[in-house]
Each structure stands twice: as C-alpha cells, then as structure tokens.
Amino acid sequence: MINAKFWQPYYQKWLNKRIPKTNKIKLSHRSVFIVPNAAGGLYILLLVLMLITSINYQNNLLFGLTFWLFSLSLVAMILTFRNLAGLTVIAGKAQPCFVGEKSALPVLFETSSSRHQGIAFGYAKDISSYFDGNGETIQKFLYYSPATRGYFDVKRMRVETRFPLGLFTAWSWLKLDFSALAYPQPEFVPFIFSEGEGEEHTEHAQLTVSGDQDFYGLREYQPGDSMRQIAWKQLAKGRGLVSKEFEQPQANSCMFEWDSLAPLPVEVRLSRLCGWVLQAHEKSWQYGLKLPGVQIPLDYGLKHKEQCLTALALFNGKGA
Amino acid sequence: MTTKEPLSLPRHALPWVLLSQSYVLMQLVGHIPYWIYALFVLAVGWRSLTHMGRLSYPNSYIKAVVVVATSAAIIATSRFDLESATAFLVAAGILKLLEMRHLKDLYVVVFLNFFIQGIVFLFEQSIGYFLIALIGVWLLISTLVLAHYSDSQKGRYKRTTKMAAQLMLLSLPMMLVLYFLFPRIGPLWGLTLQSNKALTGLSDQMNPADIAELSQSAELAFRVTFDKQGIPARQELYWRALVLDHYTGRQWRAQHTPQLQWPMSDQEPTPEQRSYEIIQEATGQNWLFSMAPAATLERGIGINEQGLLRTRRPVFQRKRYQVAQDLTEALPAKQLSDFERRTYLQLPKGYNPKAQALAQELQQQSATELELLDKLMQYFYQQEFSYTLKPQILGKNEIDDFLFNTKAGFCAHYAGALTFMARSVGIPARVVAGYQGGEWNETEQYLTVRQYDAHAWVEIWQPEFGWLRYDPTAMVAADRIEFGLEQALAEEGSFMEGQLFSMQKYKSVAWLNKLRISLDTINYQWQRWVLSYDNQRQKGFLEKVLGFNHWQQSLYIIAASFIVFFLIASVLLWWRLRAAKPSPFIQAWQKLQTRAQKLGVQPKTGETVTQYCNRLIQACPQHEALIQSTAQQINQWLYQDDSPDDKAMQEAVIESIKHLTKQLSVQKG
C-alpha cells in the first residue's frame, strides 16, 4: 500500500527545491500554501443548507445572504493568503550549545509595512505561539536541542495563519539556516597524561589548582576570566569587576590529544576532549588541541575555548 | 499536521459571540416561544460565570437533561411548522454555548447563527428587517475576525469591525453577480415547512364579519403597475379573486371548483390587451387577482371558467406576475351549461320569504330581466339604506332582516341580498369577492391595494352579454367606490378604528401623509426589484438587459467573473508584494557588499558595520585607511543624536561608500 511514509522522501525533495534552506525568506506565492480547513468544510455545509433553503422557499433575501457568504469566503481566502505573504522570516543569531542542551533560536518576523495578524509558528506538532504584527519586527524563539554535533540542522518550521475568518489555513514550511554550532556533548573524565614526550605535554605535578599559585596582581576583568579569578572582595567593596592575575603558571598548561584516547570510538573521544577543554578553561589553564589534521596551539581565554570547541564540533574524522 | 489539542476559544471573543447571538435571536421575537429567551439568558449567564471562573462547565448529566427537556418543551408547545423548526435550531445554538470551550465550538455557534439570521428572512422581508439583518451579519463576521486576532491586540474592536465591514464590501460585487445570474430553479421538493402565522386576507367563505375585520387592517394586499394603456377609471378597479356560488342561509361560500386551463408557454400581451403587473403578498392560497375579462400570460398561471387566475402552489412567498385584460367587447363564447345554471341558481329552502316576495313583485313590474335588475338596484338607492362597518346582529332570515329591518350594512350584505333576490326569480347570479380600488401613487405610477379595500359585489348572467357586474354598494355609498373606504366611513368615523398608530389614519396630516407615501414608495421598489426577482424575472432580465437567450450563458458569465475576481486579486497581491525600494544609503551599502563578495567577503547576519569593515580590511589591507574612515563616518551618522544637518551627512556618507566601492573595483581590475 502506498501511504504517506512512501511519499515522504519525494515530498521532502520537492519541498527542499521549492523552499530551500536560507537565513532570510520573504513569503510569497512560491512558499505559501493554502487550503480550506475543517471549519471551511463546515462553512461549505452551511452554504449548501442555506442554498437549499432559499431554493425551496424561493426567498430572495436568503439567496442574497447565501451568495454573500459564499463571496465572503472567496475574499477571506485571498486575505488569508495575503496575511502570510509578504512576511519576512529571518534566522537570528543563535548561540552555540552542546548536544543534549536546549538552545533558543531567535526568529525575526519582519512584518514590513503591512499587517500580519494571528500568525502562529512552531514545529509541525507544536504550533502554539501566536503574534500579530503591525509593521514592526518581532522576535520570537524556537527551541532546538541538537541531536548531533556540527551546524544546527533545525527541522522545518511551520508558519501558519487562519486570519481573518478561520475558513482557510495558509501555511509555509521554512528551513531556516541558523549557522550556529552544536558542540559535542561533554563527558567529564579525569585527564589522561601521556608519557614521555616532553614539556609541551603536561606536567602533572600541580593538577589541582589551588591558592598556592603566586599572586601577581589585579587587572580589569576580561570576558572569559574564570569565576575563581574574580576578586570578589574587590567587587564587594564596590570597585567593580576585577580579576586576579597569577604568575604565569608554567605547570598548568596541557595539550589534549586525539591519539591519547586511542581505542575509543570517534564520538566518545570528541566528548571527552570536549569535557577536558571545558575543565581546563574552567581552571584557567593554558591548553591546546591536537586532532588529526587540526592543531590548535596552547592558549587560554574565551575565544580560544570557542576555537577548540568549534574544531571538535566540525571534526570530520579525516585529516584536512 | 496541527496541534493535537484543539485550539482553545480565545477569551476576548466570547463577549462578541454572546452579543452577536443576542442580536440575531432578538429578530425572532414573536416567532419562537418566549421561554426560549429565558433559556438563552440562563445559558449566557452560566457561560459568563464560566468565563469569569466562578462556575465550571455543565457536566454531561446536566447537559443531557437540558437537551431532553428543551426538545420535549418545543414538541409539546408547538406543531410541526416553520416556527418549531426554527425554535429547535435556536435552542441548539443556545445549548452549544454551554459547552463552547474550543475554537471549533465557536465556529459551530457562529455558523448556526448565520443560518438563523437567514431563517429570519423567511418571516420578515421588509427593507427595515434587511438593514437590521445586515448589522447581524456584520456582528457575526466581526466575531469570527476577532477570534483570529491574538489576545494582546490593542484597539482590536475598532479594527475588527472595520475589517468585517471591508470583507462585506469586498464580497459585494461577486454576490451581486451570483444573485442576478445564478439560475433560479424551482423548489426542490413540494413539502416545505410553512409558518403557522395566520395570513390576513380573503377567505373562501364570506361571513360579513370577516370583511368587517379586514376593513380594519391596513396590511398590504398587492401592488399593481400598468403598461402604457394606463390605469382604468377608479370605478373599474374590481380585483376579482373568488366566486362565491353557494348560499347556506348563513354564509356564501365557494363550493364549485371549475376546471383550470394552463397556457402552454409564456405570452406577450396583444395590442388589444391592457397588461399589468401585480406584486402580491403571501396569502397561503392559490388564487391570484385580476380584472375581468382576464387572460393569463405566464405558464405557471391557469385560468378557470369563472375567469379567475390560479397558481399550482399556494402563494407563501411574495409573488410577482403579469396579467392581461381584454379590451375588446367580446361576445360571450357559450351559454351556461345545465350544471352551471343549477349552481348559480342554488338557494337554500325556506329562507328569507320577504326578500323573495319583493323580487317577485318587482319582476311583475318589469318587462325584461335587465329592467328588473335596474329596479332591484334602484331599490337600494331609494330606500334609506346606510353604509356601516358596525351593523346590528341579524336574525335567522338575515337578508329579510337586513332589507326590511336594520337597513344598514356593508358590501357583503348588499351583494348577498342582490344575489339572493336575483336567484329567487330565476336569474343566475353569483357573489364575487376581491378588492376594489386602491391608492394611486402618482410619482411612481403604481396602485397599492390594502386589506381594507376588500370588497364583494355581484355578477349576473345575461345570455346576450355574459356575466355583468352589479355593485349594489355603489347605490348606497357611492364614495366607497369613487374615493375608497375612508371617505365612505367619514361620518361614522370607524375607519381604522382601534388602530391608533396606523399611519393610514392620519392621511389628513399633510407631512405625515407625505412621509407615509415615500416610505411606501421605498417598500414598493424594494419588493419590485429585490423580493420578487424570480425565475420569470431573471429570464426577462437576461433577455432584455444582457441579451441572453439561453440560461447557460449566465453560467459563462459567472465563470468569467470568478476569473476576473482572481485576476484582480492576484494583481493587487503582486502590487503589495513588490519589494519596497530601499533607501539610498542601503542601496549604496548593498552595492558595496556585492562588490566585496567578489573579493571573498560574504555578508553575515547580525554583523555591525565595524565588524564587517574589519573583515573587509583583512581581505584588502591596502585600503585600510579608506575603509576605516568610511566605517567611522557611517557610525557617526547612524548613531548621532538628531541633528539638523542629517541630510547633508547622509549624502556625504553615501558619497564615501560609493567612492570606496569604486576603489575596490579598481583594485580588482
């Protein structure tokens, strides 16, 4: 038997061609579909009953009302279409997240100069958010939890409206390109230190970071400074956010290596590396990353962490 | 595809559902039982308390009890007619309110109310009710629109009602096309529920009391427009509806139903005919009105041996039809058959001996029947008869009592007495019931005949001439025939007695009368052009106005109008969706970006000017100074406070961007 499942791939293929993935789309006849819904069906039944009544009673006013309501539905169809067409949907700047987390994807609805009323959007099974727009740009969120690392692959989003009369549903399936990254799900395991190779690896003497580092001085807070670096006492005294700087902690630098996790499967290795990167960052260590084909030198800070996580997220298994 | 849980009823829409429903039901006052309104108030109360969170929805037990009780009450209190069917529909709409919690329930309620609003037209069709109904439709559409706004809208009521009005106006052209061109076919089945409301009008049994009652009613009976032959003299306006051939001693009734003849096709009136068009109110009977000698012009209208017009179905809706009157003095086609002679000479035995004696006495003094008839008519004139709508009660021999004792009565008494006397001396005679006269509207050229114009007169058979009309009332109250009932009753003052607020009563007040006539004119045009547009009229309209000779052509026009409708809609949509031209600054900026794309700098969303320019510098470091200064200039202009030289600055910014673009091109080249 040929069922919906059979057609699904063909339908998706057709849809991908008709409404390709994009980060900004203005809805038009290409992307908006419209059909009468259940209420529309009920309305047709009403019209048929009214027509039969007017014919049997030969009542001109009833004829008039019947025809008027019919014409009304035609106008409503046009207006329902118009209500969605012209709406511009933009994928906002999404924050990267880890696999297993939930990320809020900002979706911007640019309602241009015209009014768009009673617009609902969401994933196929969950269309619950409604808004009206009168010419402004409206920001709404779509929640997404990535199942795999790499660039977000957000399911098609449905934007629909029944305005003004609810007899027709106009909708569109949008594939928005948020170009944000899902990092591997971090797995927190103790560090593994490889033997032998020398200073650029690790010195395992001071694994536990503690207060016995040499205090060097205070400086302005910089994004990426870890919580323990912040001089809370200074903050409490009302001197603003200030970070403690320690003497270059020679010992606390390490290089995380792909090969050190040798027999494990790819994703597990990435998860552990991810966990290490996070821990090292948290401890304000200097660290680097060595993947087949990718090498990130020792460094620290927020930007560095992002660079490492990005490399892990986009790792494709072979050397570049 | 959509959510599994049905969409809930928008809270802000509920008051409008209740409001529009109240408005629609208000129009049915007098047509459905009053307790239904009590039920409505209860349902509205309950639903409002639910809305406010004070009461929960009724459980299924309560609902079942209410449904059963309501149905039983409707069945018990009414018969199987239009009113009870409407009551059922209304009750369904009311009870649905109690369980209206989802959006789909709102659709059911609103659609039911659309239907009820249509049903109102089965009871009331005046222009006033039409306007009232327009507001009802408007409210219902507003309710639907409101239900599709999201909750947070401010000023949504104003916008909603405006939107509803726009929707109605936009759909008007298509509605008119369908109204005029959609083929009007006859009823699909014969049995339709009819209203139990008693219709005012003639009945096929003449009790004098009935006509007296009719005389108090100013309700419209029918309206007439004449062709170029014009309106006949007022004394000739005898509108025949019924022949009452049988006298029981107490009343005259139509006993014998003569054969009907139906024309094979529609006909045009010949030059020897005066044609006129009648728009007749519902009578619930199948008789139509015409002046003798009548001829039928339409296929659906038959004519019987008494020269009366009939339809196949009782007239339950206002009917518009065309009739012709032969103007040539035609000789009677045939003599009376034995059966007819017996019918028109029928008298009950042993009634009114004095009247019979009078007729015989006058017969002996006359040489011919015509002379005798003259003498009989003269008798009413010479004896002191008076015209009154309040006659005394008559005894067993009512004609004797009337002729020799009370000597006061109205048309029914006179017509009955004359027929009786003619028959008693062997002259075939019959009472004819119908209307006489009417009110002529000079500006609009139409005649209005009202119930108080109801009249009865006599037709007498003369072998040389056929049936001759004798109106004894004219001998007593010439005013009744020449000027109408009001004049005839001027002395007695009983015209429209007890109808204090009838505008008919105040004809003497000039401005009131003028107002009354203008209102009547509006109503007349309404009936002529809107209410009586039927199959026949549609055919005429298609032929004369659009030049169609086949109804299929109208279907083509309907199809064409659909195409035109969608074409216009598409053009308008296209016009709306055209990309608005970006501002000169954005244009220049976009050109720069297109240029830079060729150098490998892809624009990113959410990027600031500075961020973009930094990447641009990376791509072409040789222009660093220029790019930086431009970026600075843009930022300065974009983020400045309102300054008077804003325009000049903008122009400078655009110039710089253009310059930079050019530089980038040069570099590429």
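The values are calculated or read from the model by the stated rules, or taken from the named source; none is laboratory data. The shown structure was predicted, so the numbers you read here are calculated from the model rather than taken from an experiment. A quick note on method: Cβ atoms are made from the backbone with ideal geometry, for glycine too, and the neighbour counts reach across all protein chains shown. Surface accessibility is based on the protein's heavy atoms, side chains included, excluding ligands, DNA and RNA. Shrake-Rupley method; radii C 1.70, N 1.55, O 1.52, S 1.80 Å.
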* Filtered residues of the range A:127-158 (kept if among the small types (Gly, Ala, Ser) and either touching a Phe, Trp or Tyr at 6+ places or on another chain (Cβ under 7 Å) or within 14 Å of chain B (Cβ to nearest Cβ) (or both)) -> A:128, A:129, A:133, A:135
* **Selection status of residue B:191, part of a loop (DSSP other than H, G, I, E, B), aliphatic (A, V, I, L, M) and modelled with pLDDT under 95** => yes
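Residue-by-condition table, conditions (1) modelled with pLDDT under 80; (2) within 28 Å of residue B:217 (Cβ to Cβ); (3) open to solvent by 50 Å² or more (accessible area, probe 1.4 Å); (4) within 14 Å of chain A (Cβ to nearest Cβ):
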| residue | (1), (2), (3), (4) |
| --- | --- |
| B:520 | no, yes, no, no |
| B:530 | no, yes, no, yes |
| B:544 | no, no, yes, no |
| B:550 | yes, no, yes, no |
| B:560 | no, no, no, no |
| B:564 | no, no, yes, yes |
* To do: Could you identify the single residue in B:240, B:184 that is under 30 Å from residue B:541 (Cα atoms), charged (D, E, K, R) and within 14 Å of chain A (Cβ to nearest Cβ)?
  => B:184
* Those residues of the range B:60-105 which are of a type in the set (Ser, Thr, Tyr) and more than 28 Å from residue A:166 (Cα to Cα), in sequence order -> B:60, B:61, B:70, B:71, B:77, B:78, B:84
* Test result for residue B:348, in a loop (DSSP other than H, G, I, E, B) and loosely packed, with under 15 Cβ neighbours inside 10 Å -> yes
* Of the residues A:86, A:100, which single one is surrounded by fewer than 18 Cβ atoms within 10 Å (Cβ to Cβ) and small (Gly, Ala, Ser)? -> A:100
* To do: Run residue B:161 past the list (1) more than 10 Å from chain A (Cβ to nearest Cβ); (2) in contact (Cβ under 8 Å) with a residue 60 or more places away in the chain; (3) farther than 24 Å from residue A:52 by Cα; (4) surrounded by 15 or more Cβ atoms within 10 Å (Cβ to Cβ) and report the number of the one that doesn't hold.
  => (2)
* Structure fact -> Note on residue A:93: of the conditions (1) open to solvent by 70 Å² or more (accessible area, probe 1.4 Å); (2) modelled with pLDDT of 90 or more; (3) of a type outside the set (Phe, Trp, Tyr), unmet is (2)
* **Yes/no for residue B:589 being assigned to a helix (DSSP H, G or I) and surrounded by 14 or more Cβ atoms within 10 Å (Cβ to Cβ)** => yes
* Count of the range A:43-60 residues which are more than 7 Å from chain B (Cβ to nearest Cβ) and at pLDDT 95 or above -> 5
* Structure fact -> Just one listed residue, out of B:122, B:146, B:139, is buried (at least 21 other Cβ atoms within 10 Å of the Cβ), within 28 Å of the chain's Cα centre (by Cα), in contact (Cβ under 8 Å) with a residue 12 or more places away in the chain and facing chain A (nearest Cβ under 10 Å), and it is B:122
* Asked: Does residue A:110 satisfy being more than 16 Å from the chain's Cα centre (by Cα) and more than 12 Å from chain B (Cβ to nearest Cβ)?
  -> no
* Restricting to the range A:4-44, what's the tally of residues that are in a helix (DSSP H, G or I), of a type outside the set (Val, Ile, Thr) and open to solvent by less than 100 Å² (accessible area, probe 1.4 Å)? -> 15
* To do: Scan the range A:80-90 and give yes if some residue there is more than 18 Å from residue A:156 (Cβ to Cβ), within 11 Å of chain B (Cβ to nearest Cβ) and among the β-branched types (Val, Ile, Thr), otherwise no.
  => yes
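Yes or no, residue by residue, for (1) free of Cβ contacts under 8 Å to residues at least 12 places away in the same chain; (2) out of contact with any helix residue (DSSP H, G or I) (no Cβ under 6 Å at 6 or more places or on another chain); (3) part of a loop (DSSP other than H, G, I, E, B); (4) open to solvent by less than 20 Å² (accessible area, probe 1.4 Å):
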{"site": "B:268", "(1), (2), (3), (4)": "no, yes, yes, no"}
{"site": "B:275", "(1), (2), (3), (4)": "no, yes, no, yes"}
{"site": "B:279", "(1), (2), (3), (4)": "no, no, no, yes"}
{"site": "B:282", "(1), (2), (3), (4)": "no, yes, yes, no"}
{"site": "B:299", "(1), (2), (3), (4)": "no, yes, yes, no"}
{"site": "B:303", "(1), (2), (3), (4)": "no, yes, no, no"}
{"site": "B:313", "(1), (2), (3), (4)": "no, yes, yes, no"}
{"site": "B:317", "(1), (2), (3), (4)": "no, yes, yes, no"}
{"site": "B:321", "(1), (2), (3), (4)": "no, yes, no, yes"}
* Just a yes or no: is a residue in the range A:121-131 buried (at least 21 other Cβ atoms within 10 Å of the Cβ) and closer than 22 Å to residue A:13 by Cβ? -> no
* Structure fact -> Scanning the range A:155-174 residue by residue, those surrounded by fewer than 22 Cβ atoms within 10 Å (Cβ to Cβ) and not in a strand (DSSP E or B) turn out to be A:155, A:156
